[in-house]
There are 2 protein chains.
Amino acid sequence: MQYLILESRQFLMFNIPFKNGGRSAFVMEKLSLKRLSIDTYKENVAYMNGRCPVYRAAGFQAMSKIKITADHHMILAVLNVVHDDSIVAPGELGLSQQAFMQLGLPSGTAVVVDHPEPPASMDAVRRKIAGDRLGYRDFRAITKDIIENRYSKMEMAAFLVACAETGLERREILYYTKAMADSGQRLEWLEPIVADKHCIGGIPGNRTSMLVVPIVAAHGMLIPKTSSRAITSPAGTADTMEVLAEVNLEPKRLYEIVREERGCLAWGGTSRLAPVDDILITVERPLGIDATGQMVSSILSKKLAAGSTHLLLDIPLGPTAKVRHMQQALSLRKIFEYVGDRIGIHLEAIITDGRQPIGKGVGPVLEVRDVMQVLENSPEAPKDLKQKALKLSGRILEFDPSIRGGTGYQVAKEILESGKALEKMKAIIRAQGEKTKIPEPGKLTYEVCADSDGWVCGIDNFQINRIARLAGAPLDKGAGVDLFKKLGDRAEKGEPLYRIHAEFESDFKFAVRLAQNTSGYSLGAETEIPKNPEEF
Amino acid sequence: MQYLILESRQFLMFNIPFKNGGRSAFVMEKLSLKRLSIDTYKENVAYMNGRCPVYRAAGFQAMSKIKITADHHMILAVLNVVHDDSIVAPGELGLSQQAFMQLGLPSGTAVVVDHPEPPASMDAVRRKIAGDRLGYRDFRAITKDIIENRYSKMEMAAFLVACAETGLERREILYYTKAMADSGQRLEWLEPIVADKHCIGGIPGNRTSMLVVPIVAAHGMLIPKTSSRAITSPAGTADTMEVLAEVNLEPKRLYEIVREERGCLAWGGTSRLAPVDDILITVERPLGIDATGQMVSSILSKKLAAGSTHLLLDIPLGPTAKVRHMQQALSLRKIFEYVGDRIGIHLEAIITDGRQPIGKGVGPVLEVRDVMQVLENSPEAPKDLKQKALKLSGRILEFDPSIRGGTGYQVAKEILESGKALEKMKAIIRAQGEKTKIPEPGKLTYEVCADSDGWVCGIDNFQINRIARLAGAPLDKGAGVDLFKKLGDRAEKGEPLYRIHAEFESDFKFAVRLAQNTSGYSLGAETEIPKNPEEF
């Protein structure tokens, strides 16, 4: 049973077919636009004087949404009511920086302020809350309204929660994925194979893309990789690549680089691919919800929009990974396969070892060191990072019909060990714009040592992420954690397990205190070392 | 499958047991409090200068929540970042009017700004989203955090949606009801029977409380009725009673009146009974969700907090009522009974005729006229309002062990027709504070007429509510709709069906246009008149 409360006044403003096509006189009265130097992040805020006749006549309420229009420009904003003429006088409409920029009109422009139409697609959200199944048209209407800034954060939260957990059937995830992809631009590469890889995340130091892209591109397969920056982790691929090269590339330039080098390692934020996801993340993150349906749609819609034809998906499994049980991993893989098949992406999902961080470094500069050691075939290179990168590259190379099933790993190994991958990486770096100076690891350091003898039988991915982030990563490129011991290694009491690097005293103190409190390492008997899920 | 994204920096600020018990030095730096004349309704907003060292050092983000403390006062507020020293200078912290009042400290006070602890009870909300059953402790923690202003609107939306529809089992509704009641004050009347009535709403003109209270109180039964103002309807009992008497009474005064007169008709907003509901409504309403669990908990928690021992619940059933099918009505009644029994309220729920408005007037002044006509036993008095009031009063009177089952209606009728109810109403009005001047119905009038001959076989409750609201009710006391024809009446073409009353030209135009477009009346054959559900 679900009732709909109708807000009559607001509802009516927009649903009565007036014969003259207009509204009542008071709503049409114009206000003079004023830019206020107030930063309201991604939210539009408008400021009206409490004695302003428009405010009084139209029955706006503080904190309600208003619609601001002039010369075919339109934005929605949250209304704050000001009783100080020096900020906003009656007859003026103040806008926060973001709102002012988005409206894109000069100060002094005469604007009309009005009640906004409530987003029509909220009906679909209410149907979802009531237990209905939504179709493609519903998801399309919802994503469109979100992009057009018609949803408040509250409404977005309602949508996300309604879709969370068992809320979405796999068919709905498919529709949602298509709708998200259709909400933004689409890239078209005009090639039979456009490869991509994606990891669902959660594993510190897991910088395989920076190895997979040069290996695959060196083979000649197209792999236009765009990545995000870290949201809750100490480094995203874009943050790490940025240590070596420019990652903020115009779509046109990106396209040229990929044509020339067969691959790239760029930040995905400049192209408007499935942009609805970037808006929803501002609600998902503070709520701490990240449901399967949202994750699958978010990943696959971006790939679809990016023009990928073949995708290798990395699902790390481990006690402190995002996916903690094989059953979960398998069911997640099946959803990805179901949707992938139906949106025309050849998708393979592999379940990988997510028991501990990959490589040694955690944080942009430290991860760059690991990646370069692998590319340079240095004896210091972390073996697990190299193995994982070869495994993933091998599977991607096998998308090429000319490569025999089961031989991809060997082909990848030859490309890497021959130095061709390093060469390709250098070419990509030059093409994107080489950074002249690579920062050093943070100068403030602290070593966390074993408090007893034992074998390393647990490394908490979450805790290592937290410590590295607190130390300043990814903003301070040299900040992070450098691991000396990995699962199965023997540590004697007092022997260093890892080193914290930071650049600023306050961050350093925070990170050290956290590590002193809970190191993230467990030492125990050799029998307690958990099994590698890849070996099941 | 549900993943938790951890915001490390924020998380850590509050969970590391620092040995000195404090935070790092930069967070402790103080800012000078400044009151800004900005009205942000129920939301607290704080303003910090972008060049303020505290802002830069603590890593706050615009639109994030911050905690402001000084001298054991604490509030949470959403941060806006200002780049205009004349609004807020570096070293100052501006607060919106609401936030300033809530903090309750003078301008110039040195305040500390900090990252807030995320509300711990959001874990329970996330468990609910993941499909878990919540217990009393969970609901208690959630309601406590909401009252303490720790939830953003986004977080409240997540909670409400997670609990909507099939989301709450009846046992959870019970726990939630108790938790809501425990979140505020509790009244104690020290009498064996403290009667109350409640209607789930949606029917225009349904002002039975103003008849039931004087009848029941005249019998000597305690009935301390507090009501809400209209939220989406054209009049709540508090709005209508306000035409005759003061309704905004201090709790102490209310108590004296009830002791003296055995009843009252006051606004419930001044006593803090189950206040969490008043906060959640600010999210529920714009989202347009009103789920069963929330409704039941909201109603019963307020009754429990108000000290009611006996409650009669009115569930109107009809094609344009909130409840449209008998099956719905019965299942709703069962939930009410289940919870009522377990919180120690003797509850009876009756399903009533909700096919059309009750009485003739819709809007405060017009409804007062109907009520007074019934009390005065005027031949003009609307029969349906009188019958319904007697029926409800009779059922309540039967809570009295000395009244034989089935005779309550007759007792109520005698009290009403003898003039005792009118006498009691006058006494209550005097006690609450009589209004010297009763406004007239709005002077701008328009009659909506039948466009064909026929029997009235449908009156749309929603549409009549909308028209009355648009005409200005409940703010303009004299605005509303006066019905001349009811279900089953015969109307000839051109005969007036109802009259719109308004006080202001613009409202009047809106209401008339809406009525011209859709009158809310359907005329048809005598056989099309829907059956009264009370006669099933």
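How big is the dipole moment of chain A about its Cα centre under a simple scheme where the beta carbon of each Lys and Arg is +1, that of each Asp and Glu is -1, and everything else is neutral? Debye, nearest 20, please. Kindly include the intermediate steps, with their values, before the conclusion.
Working: 69 positive and 67 negative charges, 214 e Å.
Value, rounded to 20: 1020 debye.
For B:H72, place a label point 7 Å from Cα along the Cα-to-Cβ direction in every copy; what are the distances to the other copies, in nm, shortest first?
Those separations, rounded to one decimal, come out as 6.3 nm.
Any idea which of A:G293, A:L416, A:H83 is furthest toward the positive side of the dipole for chain A, if Lys and Arg beta-carbons carry +1 and Asp and Glu beta-carbons -1?
So the residue we want is A:H83.
Round to the nearest 0.05 the FRET efficiency obtained for A:H325 and B:S331 when R0 = 56 Å and r is the Cβ-Cβ distance. If you can, show how the numbers build up before the last one.
Numbers: r = 37 Å, r/R0 = 0.67.
Computed FRET efficiency for A:H325 and B:S331: 0.90.
Taking the label point as lying 7 angstrom from Cα along the Cα-to-Cβ axis, what are the distances from A:P53 to the corresponding position in the remaining copies, in ascending order and in nanometres?
5.0
Subtract the Cα-Cα distance of B:I231 and B:K531 from 0.36 nm times their separation in residues, and report this length gain in nm to one decimal. Each step should come with its number before you reach the end.
On the way: separation 300, 0.36 × 300 = 108.00 nm, distance 2.97 nm.
So the chain would gain 105.0 nm between B:I231 and B:K531.
Mind pulling the angle between the C-alpha long axis of helix A:153-163 and the longest principal axis of chain A? Nearest 10 degrees, somewhere in 0 to 90.
With both axes taken from Cα atoms, the answer is about 60 degrees.
If you build the convex hull over the alpha carbons only and average its shadow over all orientations, what do you get for region B:350-398? Give it in nm² to one decimal.
Working: hull surface 15.2 nm².
Average of the hull's projected areas for region B:350-398 equals 3.8 nm².
Kirkwood hydrodynamic radius, computed over distinct alpha-carbon pairs, for region B:456-505: how many Å, to one decimal?
Working: mean 1/r = 0.0858 Å⁻¹.
For region B:456-505, inverting the mean 1/r across all distinct Cα pairs yields 11.7 Å.
Please report, for A:G104, the nm distances (one decimal) from its label point, 7 Å out from Cα along the beta-carbon direction, to the equivalent points in the remaining copies, shortest first.
Between copies, matching label points for A:G104 lie 4.9 nm apart.
Run the quick spin-label model on A:E191 and A:E505: label points 7 Å from Cα toward the beta carbon, then report their separation in nm to one decimal.
Taking the simple label geometry, A:E191 and A:E505 are separated by 5.2 nm.
I want to verify the translational diffusion coefficient of region A:297-404 in µm²/s; compute it with Stokes-Einstein, Rh as the Kirkwood radius over Cα pairs, at 10 °C and 1.306 mPa s. Please list the in-between numbers first.
Working: Rh = 15.6 Å.
D, rounded to a whole number, is 102 µm²/s.
Can you compute the charge dipole magnitude of the protein assembly as shown about its Cα centre, using +1 on each Lys and Arg Cβ and -1 on each Asp and Glu Cβ, nothing else charged? Give it in debye, rounded to the nearest 20.
On the way: 138 positive and 134 negative charges, 46 e Å.
Here the size comes out at about 220 debye.
When averaged across all projection directions, what area in nm² does the alpha-carbon convex hull of region B:396-488 cover? Please list the in-between numbers first.
Values: hull surface 40.6 nm².
Approximately 10.1 nm², given one-decimal rounding.
Report the accessible area of B:D39, computed with a 1.4 Å probe over the heavy atoms of all protein chains in place, in Å² rounded to the nearest 10.
30 Å²
Placing +1 on the Cβ of each Lys and Arg and -1 on the Cβ of each Asp and Glu in chain B, which of B:A245, B:G405, B:A158 has its Cα farthest towards the positive end of the resulting dipole?
B:A158
In terms of the Cα gyration tensor, with a ≥ b ≥ c the square roots of its eigenvalues, is region A:446-536 rounded because a/c is under 1.5, prolate because a/b exceeds b/c, or oblate? It would help to have the intermediate numbers written out before the result.
Values: a/c = 2.68, a/b = 1.70, b/c = 1.57.
Prolate.
Hey, which of these cross-link pairs are over 27 Å Cα-Cα: A:K303/A:K424; B:K426/B:K509; B:K435/B:K486? Let's see the in-between values first.
Details: A:K303/A:K424 23 Å; B:K426/B:K509 37 Å; B:K435/B:K486 32 Å.
Listed pairs above 27 Å: B:K426/B:K509; B:K435/B:K486.
Report, in degrees rounded to the nearest 10, the 0 to 90 angle that the Cα long axis of helix B:251-261 makes with the longest principal axis of chain B.
Helix B:251-261 and the main axis of chain B meet at about 20 degrees.
Can you tell me the Rg and the Dmax, both Å, for the Cα atoms in region B:101-181?
15.5, 51
Which percent of Cα-Cα pairs in region B:265-359 sits in each 5 Å bin, short to long?
Using 5 Å bins, I get a P(r) of 2, 12, 20, 20, 22, 18, 5, 0 for region B:265-359.
About its Cα centre, what dipole magnitude does region B:146-305 give when the only charges are +1 on Lys and Arg Cβ and -1 on Asp and Glu Cβ, stated in debye to the nearest 20? Provide the component values of the computation, followed by the final result.
Values: 18 positive and 20 negative charges, 29 e Å.
In debye, rounded to 20, region B:146-305 gives about 140.
With the Cα gyration tensor of region B:326-485 in hand, convert its eigenvalues to equivalent ellipsoid semi-axes via √(5λ) and list them largest first in whole Å. Intermediate results must be reported in sequence, preceding the final value.
Details: eigenvalues 183, 109, 56 Å².
Working from the Cα gyration tensor, I get semi-axes of 30, 23, 17 Å.
Using the Cα gyration tensor of region B:234-277, with a ≥ b ≥ c the square roots of its eigenvalues, what is the shape: rounded (a/c below 1.5), prolate (a/b larger than b/c) or oblate (neither)?
Numbers: a/c = 2.17, a/b = 1.07, b/c = 2.03.
It is oblate, given that a/c is not under 1.5 and a/b is not larger than b/c.
What accessible surface, in Å², does a 1.4 Å probe find on B:H501, ignoring ligands, DNA and RNA and rounding to the nearest 10?
10 Å²
Please give the residues of region B:161-192, grouped as numeric ranges, whose backbone N is less than 15 Å from a label point set 7 Å along the Cα-to-Cβ vector of B:Y338.
B:164-178, by backbone N distance to the label point.
Quickly rank A:523-534, B:74-85 as a protection proxy: mean count of other C-beta atoms within 10 Å, highest first. Spell out each step's value before the answer.
On the way: A:523-534: 13.6, B:74-85: 20.9.
Highest mean packing first, the order is B:74-85, A:523-534.
Could you grab the Rg to Rh ratio for region B:209-253? Cα atoms only, Kirkwood for Rh. Write down the numbers at each step before the final one.
Values: Rg = 11.5 Å, Rh = 11.6 Å.
Ratio of gyration radius to Kirkwood radius: 0.99.
Semi-axes of the equivalent ellipsoid for chain B, please: Cα gyration tensor eigenvalues, times 5, square-rooted, ordered largest first, whole Å.
On the way: eigenvalues 432, 146, 112 Å².
Its equivalent ellipsoid spans semi-axes of 46, 27, 24 Å.
Contour minus end-to-end for A:A120 and A:S402, with contour as 0.36 nm per residue of separation and end-to-end as the Cα-Cα distance?
Working: separation 282, 0.36 × 282 = 101.52 nm, distance 5.08 nm.
Gain on stretching A:A120 to A:S402: 96.4 nm.
What is the Cα coordinate range of region B:132-271 on the first, second and third principal axes, sorted by size from largest, in whole angstrom?
Its Cα atoms span 49, 35, 27 Å along the three principal axes.
Which is farthest toward the positive dipole end of chain A among A:L332, A:V374, A:Y498, measuring Cα position about the Cα centre, with Cβ charges +1 (Lys, Arg) and -1 (Asp, Glu)?
Comparing the listed Cα positions along the dipole, A:L332 ranks first.
Would you tell me the accessible area of B:Y255, worked out with a 1.4 angstrom probe on the heavy atoms of the protein chains, in Å² to the nearest 10?
Probe radius 1.4 Å; accessible area of B:Y255 about 90 Å².
So how much slack lies between A:Q410 and A:E423, counting 0.36 nm per residue of separation and subtracting their Cα-Cα distance, in nm? The partial results should precede the final answer.
Values: separation 13, 0.36 × 13 = 4.68 nm, distance 1.86 nm.
Result: 2.8 nm gained on full extension.
Could you calculate the FRET efficiency of A:R171 with A:K42 from 1/(1 + (r/R0)^6), where r is the beta carbon distance between them and R0 is 25 Å, rounded to 0.05? Write down the numbers at each step before the final one.
Working: r = 32 Å, r/R0 = 1.26.
Plugging the Cβ-Cβ distance into 1/(1 + (r/R0)^6) gives 0.20.
Using Cα atoms only, what is the angle between the long axis of helix B:420-432 and the major principal axis of chain B, expressed in degrees (0 to 90) to the nearest 10?
Taking the Cα atoms of chain B, the angle to B:420-432 is about 30 degrees.
Using alpha carbon centroids, what distance separates region B:486-536 and region B:192-257, in Å?
Region B:486-536 and region B:192-257 have Cα centres separated by 28 Å.
Could you pull the Cα extents of the protein assembly as shown along its three principal axes, largest to smallest, in whole Å?
The Cα atoms of the protein assembly as shown stretch 105, 61, 59 Å along the principal axes, largest first.
Give me the net charge for the shell around A:R35: Cβ to Cβ below 11 angstrom, other residues only, Lys and Arg +1, Asp and Glu -1. Can you show the working numbers first?
Values: positive: A:K34; negative: A:E92, B:D84.
After counting each charged neighbour, the total is -1.
The values are calculated or read from the model by the stated rules, or taken from the named source; none is laboratory data. Just so you know, these numbers come straight off a predicted model, no measurement behind them. No Cβ is skipped: glycine too gets one built from the backbone with ideal geometry, and neighbour counts run over all protein chains shown. In case anyone asks, the SASA skips ligands and DNA or RNA and just uses the protein heavy atoms, side chains included. Shrake-Rupley method; radii C 1.70, N 1.55, O 1.52, S 1.80 Å.
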